[in-house]
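Some notes on the structure that comes next.
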Amino acid sequence: MSKKSEVVFVDTSPEVKKVMAGLAKSALRASGKVVRKHIRDDVPLRTKRIKNHIASWVFIDRKTGQPQMQIGFYGWQKVKKRGKQPSHSSPWWIEEGTKPHLIHSSKTMYDKSTATKYGHNVNHPGQAATHVLRNSVYNNISEIRAAQEEYLKLLSEEIEKAKSKIDDKDYEEDD
């Protein structure tokens, strides 16, 4: 009596997991580089300092074990720690916008770009949200995928190497 058995390769060795996670993280880093470049081009500027806040980071999620990438803005403390000049405004004001509000200062406020003196109280009209982070990702999906292809090809090669080690011949068993 001949029985065909289906062989499924499952390798949970730490080396295989480490290689696969490393390649996945490298692919995410490459796509992060593409996204950061587009965000820097799309950010509306009055000063160039806001570009110092743009960042992406890759990590392994502890709950799922899957590599993840996040894109966002560093706080002024992190920017200063990295040896760059931080912006005096919050980068999230560009992303999410602001509501109209009153700004009060003990000193007279002055806008260098327009050479305008305002006084101690200013009614800020608010600012519309630009959604630079979100739009930069959505509008450049093809470039992000192209950046990841090199690493995904390497990942596929590793999977093929693992499959080639399996001998899936038919075996006959005699009872």
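The values are calculated or read from the model by the stated rules, or taken from the named source; none is laboratory data. As the structure is a prediction and not an experimental result, all values here were calculated from the model. Note that each Cβ is placed from the backbone with ideal geometry, even for glycine, and that neighbours are counted across all protein chains shown. Heavy atoms of the whole protein, side chains included, go into the accessibility calculation; ligands, DNA and RNA do not. Shrake-Rupley method; radii C 1.70, N 1.55, O 1.52, S 1.80 Å.
Before moving on, here are some points about what is shown:
- Those strands (runs of 3 or more DSSP E) of segment 58-126 in which 3 or more residues are open to solvent by 60 Å² or more (accessible area, probe 1.4 Å) and at negative phi occupy 101-111, 116-124.
- One residue stands out among those in segment 16-47 that are farther than 11 Å from GLN148 by Cα and touching a strand residue (DSSP E or B) at 6+ places or on another chain (Cβ under 8 Å): the one that is most open to solvent (accessible area, probe 1.4 Å), which is ARG40.
- Within segment 26-57, considering residues that are outside any helix (DSSP H, G or I) and of a type outside the set (D, E, K, R), the one farthest from SER90 (Cα to Cα): TRP57
- Among residues of segment 106-134 that are over 30 Å from VAL34 (Cα atoms), those with a Cβ under 6 angstrom from a residue that is modelled with pLDDT of 85 or more and part of a loop (DSSP other than H, G, I, E, B), sequence gap 6+ or separate chain, pair up as PRO125/PRO100; GLY126/LYS99; GLY126/PRO100.
- Every pair of residues 6+ apart whose Cβ atoms lie under 8 Å, when the first sits in segment 85-102 and is modelled with pLDDT of 90 or more while the second is hydrophobic (A, V, I, L, M, F, W, C) and open to solvent by less than 40 Å² (accessible area, probe 1.4 Å): GLN85/VAL79; PRO86/VAL79; LEU102/VAL122
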